[in-house]
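Notes to accompany the following structure.
Every number here is computed from the coordinates shown, using simple stated rules; none is lab data. Not measured: the values here are computed from a predicted model. Cβ placement follows ideal geometry from the backbone for every residue including glycine, while neighbour counts extend to all protein chains displayed.
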Amino acid sequence: MSAGDYIQFVLAPQVFTGLMFGIAVILVALGLTIIFGLLDVINMAHGEFYALGAFIALVLASIGFPFWLLLAVVPLLMMPVGYAVERLLIQRVFHSKDRHITTLLLTLGLSIVMEDSLRLVFGANPYRPDMPIHGAIQFLGIYLPTYRLFLIVFGAVAIGFVAFVVYRTRLGAMVRAAAFDRHMAASLGIPVERIFGGAFAFGVALAGLAGVLLAPIYSVFPTMGHDFLLLAFTVVIVGGMGSIAGVVVAGLFLTQVQAIASLYISPVWTDPIVFGIMVIMLMVRPQGLFGRLGHA
Amino acid sequence: MHDTLSTAMRASHRLAGAFAVGALAFAAIGYADGDSFYLRLATEALIFAGLALSVDILLGYTGLLSLGQALYFGLGAYVSALVLKEMPSFWAALAAALVTGLVTGCIGGVIANRVRGVYFALITFGMAQVIAKVIYNTPSLGASDGLIGVPVIDIHLGLITVSTASPAGFFLLVLAFLLLIYAMLAYLLETPFGRMLIALRANEQRVAFLGFSTVKLRFGCYVIAAAIASVCGALYPMLRGFVAPELLFFSTSADAVIAVVIGGVGTLTGAIYGSMLIVMLKSVIGSWTEHHLIVIGILFMAVVVVLPQGIIGLARERLMRRFQPKGLS
Amino acid sequence: MQIKTVLLASAIVIMGAGASFAQSPIKIGVDTPLSGTYAGIGQQVRWGYELAVKEINAKGGILGRKIDLIFEDGQANPTVAVQKAEKLFQVDKVDFLAGTVSSSATVAVGQTAERANKLMATSVSFADSITGSKCSPNVFRVNARAGQQSAALAAWLAKEHPKAKVFYLGPDYLMGRSTVAAFQTNAKKVGATNLGEVFAPLGAKDYTQYFGQIRAAHPQVLYTSVAGNDTVRLFTQMEEFGLLKGLTVLGASGTVTSQNIGAIGKAANGFTTGVGYSTEIDTPENKAFVKAFQAANKHDPDLYGADSYGLIYAYKAAVEKAKSTDADKVRAALSGLTWATPQGDKTIRAGDHQAIQTMYVVQITDGKFKIISHVDGKDAIGPDTCTRF
C-alpha cells in the first residue's frame, strides 16, 4: 500500500474514529469526574445509568418521540433519578469514616440491581434505534458518516456547555466552592446538600445523554454499561479526578492511543495498554494530569 | 489482653466454633442420607469462603478493598488443575498453588500497593480483567473452554485416605482446611504484625508516625491474602474436575466482596457465614426466578446502608456484651 | 367379609386407574441459560423442548411413560452449569440431560455426566471439539457443528463466486478464531484467495477501526464469525460506512439469529450462511412444526428451537429401541440412530456421536432466512476425529 493510500484508507479514518469515540468516552467520563470531584464518590453504577438513558430513549421513541426531543428529554428525566439516588442512598453512608469504600460498595450493589432490572424489563436481546441522520460525506477520500460528525459537534458543544456552567456561572462557582471546602461553603449560605444531590443528578444525566447519542451506533442491551466502564475510569484517573479539562485531554489522548495501537498491535492488547497507562499514572502522579475540581 | 479486639475475636471464635459444629452435623446427616449434591455444593461454598476470607484480610484489617481477588483464586485453580493432570498429588497441587500465590501476589503487590482506597480497588479490578482476558485467549490453557479432565485423586493424610470423589470425606477435608486457615489468620492478628495491620485501618498516618513502614505492612498483608486465595482456588478443580476462565472474572471477585460485607467486614467468621448465605440464596432464589441478582443486590445495598457491621458483626456485638465482666465500664 | 371385598375391589380400581400412566415419568433435565447474555438462546431451547414433550406426552409418552422436563438456569457460566447439572443428576435423578449452550458448559457438564454415568446431549453448541478432540462417550450432539456449516457455505461459494477474494474478520477468542480458520481451509480448497484477517476483541464496540484495512484490501467477500451483540454493531457500522455496497457477507450460523436480527435490521439483508435449519424448509413436517411452534410461543422457531425439538424425538426413538432408559443401553441405541426431524432425517454417527444432516445455505432477505442451496449430509460431515471411543 502506498503512503498516500495508507493515510487515506487507514490512518486518517482511524484518527477520525478515535476522535468520535473519544468524544463519546468524554461524555460518559465527564459525569463520573464531576461526581467524584465534588462528592468524592466512585459511581460504579455509572455504566448502568448510561444504559438506562439508552433504554429510556428506546421506550420514548417507540411511543413517537422524535430523536431531537429525546436529546433534551432523557437527561431531564434522568436528573430526578440521580437526585433520588444521591439523597436516599449515598447520603446515608456519606458521613461514615470509610466513605470511599462504602460508597463504592453501595454503587456496586446498585449497578448489579440496575443491570438485572433492565434485563427483567427488556429481555436479554439487543435493540437498535434507527439512525437519526443517514448518509455520509466524503472528505479527501475519507468516508465520514454524517451522524458521527454530528456526534462530534454535539459532543463538543455539550462539553463546552458543561465547562461553561462549572467555570463561568454562579451555580458553577457554588459547586466548586462546595468541592473545595464543604463546611466553609455551607457557612457561607450555600445549600451544600442540595448541591451534592444536584451534582450527582447532573453527572448521571450526562451519562444518560451519552447513552441516547450512542445507541444508534452501538445498539442497546442490558450489559452495555460494561462497554465503557474501565475506559471511563481510566480517563478520569489519568485526567485527574474532578478535572473537566483533564477528562477532555485524557479522553482524546487515550482513545487515540487505543485507535493507533490497534493498528500496529493485536487489538486485544489495547485494553492492557490503556490499563497500564492508568497504573503508571497512579504510581507516578496520582492526582492525574490536572488535579481535582475544587483545585483546578 | 482484654482489649476490645481480643474480646471481639473471642466472639468470632465462638461463632466459628458454632459454624464448625453445624457443619459437622450437616456432614453427618448428609453422609447418612447418602447425599452427594448438597455436600458438594457446601464444599464449593467453603472453597469460595476461602476467597472471601482473603478479601476480608485486606478489607477488614488494612482497609484495602480488592475488587480482583479472584485473580489469585483462579490462578491457583489453574495451576492446581495443570499439576493434577500430570501427577495426582494433592500436596504437589497445593504447593504449586501456594508458590503461585506468593509470586503473583508479590508482583501484584508491587503494582497495586503504591496507592490506596479507590485507586487500589480500580487497579486490582483492572489486573484481574487483564489476566482473565489473557487466559481466555490462550489455547494451551483451554482458552474459553477451560480445562477438563482433572482426575479424582486420593489424598493421603497419614492414617486416613480421603478421595475427592467422596462427598462427605472431601467436605470434611475442606472444612478442616478452611478452619485451619481461619485459625492461622486469627493467630496472626494476635501477633505484633497483625496488630499493626489493624492499626493501619484505624489510622494509617499514626502508624507511619510511630516509625513503622506502612508500605511493607500493606505489601505483606497483600501477599498473604493472595496466597490464601490461591491455595483455596487449588481445591476447586479437585472438587469439580475442571477449571474455566470464569473463575477469574469480576463476578467471582464481586461475590466474595458481597459475602464479606453481608457477613461482616473484619470478623473473619463473617466471610465464612456470608459465603454460605450467598450460595444458599442463589440456589433457592435461583429456582424461583432467573433474576436472583436483583435480590442479592438489594440485600447487599441494605447491609451497606443499614447494617454496616454485617450479620456476624451484629452477632458479635451481642456476644461481646455477654463477655464484658459486669462492673467494668 | 363384605368390607374386605369392598376394600380389595377399590384397591384394584385405584391401581387400574393409575396404570394408564402407571410408571414413574421419564425425567429430562434441562441445564440451559435462562438468565444472562444467552437467555435469548435458552428461551428458544426451552420452547423447542416443551413443544416436543407436549406432543409426545399427548400421544402417550415414551414406552407409556410421561416425560417430565426439569429446568435449571446454567447462566452460560460453566461453574454454575456444572453445579446445576449435579443437582439434576443427584437430587432430581434425571434420566437424561440436555440444554447446554456455550461449548465450555457442554464440555464441563459432559464430564459431570460421565462421572455420574448418565447421558447428555447438546442441541446448540457448535464447537467442533465437542465431537472431536474433546469428545466423550456420554455426550451427543444433534445440531450441526462448525465444520458442517463451513463445508456447506464453501460449496456454495465455489459455485457462486469461484476464485473469490475473501477477507476475514472474527472475534478474538477460541471459537471466533477456529470458525474463521475452518472456513479458510474450506475456502482455499474451492479456490478462494485469502486477502487477510483481523480479529477484534470480543465485545468490541467499534469496528470502524478495522474498516480501513478492509477497504484497502478490496475484497469481494467478507467472512465473519462474530455473534450476538457484536454482529449488530459490526453490520450496522458497516452499513453506516457504506462498506456493504457490493460486498458479499458470509458468516457462521450463530452470527445472525432470531435473537439479533431485529436489531440488525436491513443491514442483515444479503448475509449468507451455512446452517442446519430454516423456517423456509419446504416439507410438511417442517410446516406443521413451525405452525405449532408459532401457536405455542408467538415467535418463529430458529435453529436452536428446531434442533432442541428434534433432540427429544431422538431420545424417544433411542429409548424405544433400547426398551429402557438405562444409560448404556440408550447410548448403544443412539449411536447410529436415524430419526425424523423437521429438517429431514438425521443420523447420529456412532464414531463421534455427531448428527449428520442436510445442510442448507440460507440468505437473509427482508428479515427472513431464505434457502438458496443445500448440501447433502455425507458431503458436509467431515472426518471423525474422535479417538476416545
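Once each part is reduced to its C-alpha centroid, what is the distance from segment C:137-196 to segment A:268-288 in angstrom?
39 Å
Among C:59/C:368; C:188/C:370; C:118/C:188; C:87/C:291, which pairs are too far apart, with a Cα-Cα distance over 30 Å? Each step should come with its number before you reach the end.
Working: C:59/C:368 33 Å; C:188/C:370 26 Å; C:118/C:188 41 Å; C:87/C:291 35 Å.
Listed pairs above 30 Å: C:59/C:368; C:118/C:188; C:87/C:291.
Could you tally the net charge around residue B:236, taking each other residue with its Cβ under 13 Å from the Cβ of residue B:236, Lys/Arg +1 and Asp/Glu -1?
Numbers: positive: B:40, B:240; negative: B:44, B:246.
The answer is 0.
Just tell me, in residue order, which DSSP H segments of chain A are both 18 angstrom or longer along the helix axis (alpha-carbon based) and at least 0.5 in mean Kyte-Doolittle hydropathy.
Values: long enough: A:12-39 (39 Å, 2.18); A:46-62 (24 Å, 1.37); A:67-85 (27 Å, 2.12); A:99-122 (34 Å, 1.06); A:146-168 (32 Å, 1.79); A:192-218 (38 Å, 1.60); A:226-239 (20 Å, 2.01); A:244-264 (30 Å, 1.74); A:270-284 (21 Å, 2.15).
TM-like helix candidates: A:12-39, A:46-62, A:67-85, A:99-122, A:146-168, A:192-218, A:226-239, A:244-264, A:270-284.
If you take the charge dipole of segment C:47-194 about its Cα centre, with +1 on Lys and Arg Cβ and -1 on Asp and Glu Cβ, which of C:173, C:184, C:78 is farthest toward its positive end?
C:184
Which value in nm describes the separation of the simple spin-label points at residue A:154 and residue B:163, placed 7 Å from the Cα toward the beta carbon?
If labels sit at residue A:154 and residue B:163, their model points lie 6.6 nm apart.
Residues of C:218-229, mean number of Cβ from any other protein chain within 10 Å of their own Cβ, rounded to a whole number? Write out the running numbers ahead of the final one.
On the way: counts 1, 0, 0, 0, 0, 0, 0, 0, 0, 0, 4, 11.
For peptide C:218-229, the averaged partner shielding equals 1.
What's the FRET efficiency of residue C:368 with residue A:63 using the Cβ-Cβ distance as r and R₀ = 41 Å, to the nearest 0.05?
0.90
Let me test this: with uniform point scatterers at the alpha carbons of segment C:22-63, what is the Debye-based log₁₀ I(q)/I(0) at q = 0.23, 0.24, 0.33 1/Å?
Debye curve over Cα of segment C:22-63, log10 I(q)/I(0) at q = 0.23, 0.24, 0.33 Å⁻¹: -0.80, -0.83, -1.13.
Along Cα→Cβ, 7 Å out, is where each label goes; now give me the distance between the ones at residue C:321 and residue B:320 in nm to one decimal.
Between residue C:321 and residue B:320, the label points sit 6.9 nm apart.
Mind giving me the FRET efficiency for residue A:188 and residue A:168? R0 is 22 Å, r the Cβ-Cβ distance, nearest 0.05 is fine. It would help to have the intermediate numbers written out before the result.
Numbers: r = 20 Å, r/R0 = 0.89.
With a Förster radius of 22 Å, E is 0.65.
With each run of n ≥ 4 DSSP H residues scored as -39500 (n - 2.57), what mean residue ellipticity at 222 nm is computed for chain A after dividing by its residue count and rounding to the nearest 500 deg cm²/dmol?
When only DSSP H runs of four or more count, the value is -24000 deg cm²/dmol.
Note the full-extension length gain between residue B:86 and residue B:102 as 0.36 nm times their separation in residues minus their Cα-Cα distance, in nm to one decimal.
On the way: separation 16, 0.36 × 16 = 5.76 nm, distance 2.21 nm.
Extending this stretch completely gives an extra 3.6 nm.
Within segment A:192-229, list the residues whose amide N lies under 15 Å from a label point set 7 Å along Cα→Cβ of residue A:99.
A:192-200
What net charge is computed for the residues neighbouring residue C:383, neighbours being all others with C-beta under 11 Å from the C-beta of residue C:383, Lys and Arg scored +1, Asp and Glu -1? It would help to have the intermediate numbers written out before the result.
Details: positive: C:349; negative: C:128, C:352, C:384.
Net local charge, residue C:383 excluded: -2.
With a 10 Å cut-off between alpha carbons and a GNM built on chain C, which of C:347, C:272, C:122 moves the most?
C:347
May I ask you to list, by number, the DSSP H helices of chain B whose Cα span along the axis is at least 18 Å and whose average Kyte-Doolittle hydropathy reaches -1.0 or more? All intermediate terms of the calculation are to be shown ahead of the outcome.
On the way: long enough: B:4-33 (43 Å, 0.81); B:37-56 (28 Å, 1.29); B:70-86 (24 Å, 1.19); B:90-112 (31 Å, 1.97); B:117-136 (29 Å, 1.56); B:167-190 (35 Å, 2.18); B:214-233 (28 Å, 1.42); B:250-263 (19 Å, 1.69); B:269-288 (29 Å, 1.24); B:292-306 (21 Å, 3.00); B:310-323 (20 Å, 0.06).
The answer, listed by residue number, is B:4-33, B:37-56, B:70-86, B:90-112, B:117-136, B:167-190, B:214-233, B:250-263, B:269-288, B:292-306, B:310-323.
Gain in length, residue C:70 to residue C:389, computed as 0.36 nm per residue apart minus the alpha-carbon separation, to one decimal in nm?
Values: separation 319, 0.36 × 319 = 114.84 nm, distance 2.99 nm.
Using 0.36 nm per residue and subtracting the Cα-Cα distance, I get 111.9 nm.
What does the charge count around residue C:233 come to, taking other residues whose C-beta lies under 12 Å from its C-beta (Lys +1, Arg +1, Asp -1, Glu -1)?
Working: positive: A:128, C:205; negative: A:227, C:206, C:230, C:239, C:240.
Within the 12 Å Cβ shell, the charges total -3.
Can you give the convex hull volume per residue for the Cα atoms of segment C:215-326, as a whole number of Å³?
Values: hull volume 16.7 nm³, N = 112.
In segment C:215-326, the Cα hull volume divided by residue count equals 149 Å³.
Can you find, among A:209, A:197, A:245, the residue sitting farthest towards the positive end of the charge dipole of segment A:103-258, where Lys and Arg contribute +1 and Asp and Glu -1 at Cβ?
Projecting each Cα onto the dipole axis, the largest value belongs to A:245.
Using only Cα atoms and rounding to the nearest 10 degrees, what angle (0 to 90) does helix C:228-240 make with the longest principal axis of chain C?
30 degrees
Work out the charge dipole of the protein assembly as shown with +1 on the Cβ of Lys and Arg and -1 on the Cβ of Asp and Glu about the Cα centre, then indicate which of A:89, B:193, B:227 is farthest towards its positive end.
In the protein assembly as shown, that residue is B:193.
What span do the alpha-carbon atoms of chain B cover on each of the three principal axes, reported in whole Å from largest to smallest?
Largest first, chain B extends 59, 46, 46 Å along its Cα principal axes.
Just to verify a number: FRET efficiency for residue A:273 and residue C:283, C-beta to C-beta distance, R0 = 60 Å, to 0.05? Please list the in-between numbers first.
Numbers: r = 54 Å, r/R0 = 0.89.
The pair residue A:273/residue C:283 has a calculated efficiency of 0.65.
From the P(r) of segment A:126-195, can you give the percent of Cα pairs sitting at distances over 16 Å? Display every interim value, and only then the final one.
Values: 1593 of 2415 pairs.
It works out to 66 percent of all Cα pairs.
Pairs C:66/C:323; C:163/C:346; C:54/C:321: which are spaced more than 24 Å apart, C-alpha to C-alpha?
C:163/C:346
Please check: in the Gaussian network model of chain C (C-alpha springs, under 10 Å), which one of C:120, C:175, C:359 has the largest mean-square fluctuation.
Top of the fluctuation ranking is C:175.
If the only charges are +1 at each Lys and Arg Cβ and -1 at each Asp and Glu Cβ, what is the size of the charge dipole of chain B around the Cα centre, to the nearest 20 debye?
On the way: 19 positive and 14 negative charges, 225 e Å.
Using only the charged Cβ atoms, the result is roughly 1080 debye.
Can you give the extra length, in nm with one decimal, that the chain gains between residue A:130 and residue A:283 once fully stretched, where that is 0.36 nm per residue apart less the Cα-Cα distance?
Values: separation 153, 0.36 × 153 = 55.08 nm, distance 4.41 nm.
Extra length available between residue A:130 and residue A:283 comes to 50.7 nm.
Shape of the protein assembly as shown from its Cα gyration tensor (a ≥ b ≥ c, root eigenvalues): rounded if a/c is under 1.5, otherwise prolate when a/b > b/c, or oblate?
Numbers: a/c = 1.75, a/b = 1.11, b/c = 1.57.
Taking the square roots of the gyration eigenvalues as a ≥ b ≥ c, the protein assembly as shown is oblate.
Given the options A:103, A:146, A:255, which has the most mean-square fluctuation in a GNM of chain A, springs set between C-alpha atoms less than 10 angstrom apart?
A:146
Give the separation of the Cα centroids, segment A:1-76 to segment C:76-123, in Å.
When both Cα centres are located, 41 Å separates them.
Within 10 Å, at most 16 other Cβ atoms, and a DSSP state outside H, G, I, E, B define an exposed site. Report the longest part of chain C free of exposed trypsin sites (Lys or Arg not before Pro).
So the longest stretch without any such site is C:164-244.
Which value, in Å to one decimal place, does the Kirkwood hydrodynamic radius take for segment C:250-389 when every pair of different Cα atoms is included? Could you put the intermediate results ahead of the total?
On the way: mean 1/r = 0.0612 Å⁻¹.
It is 16.3 Å.
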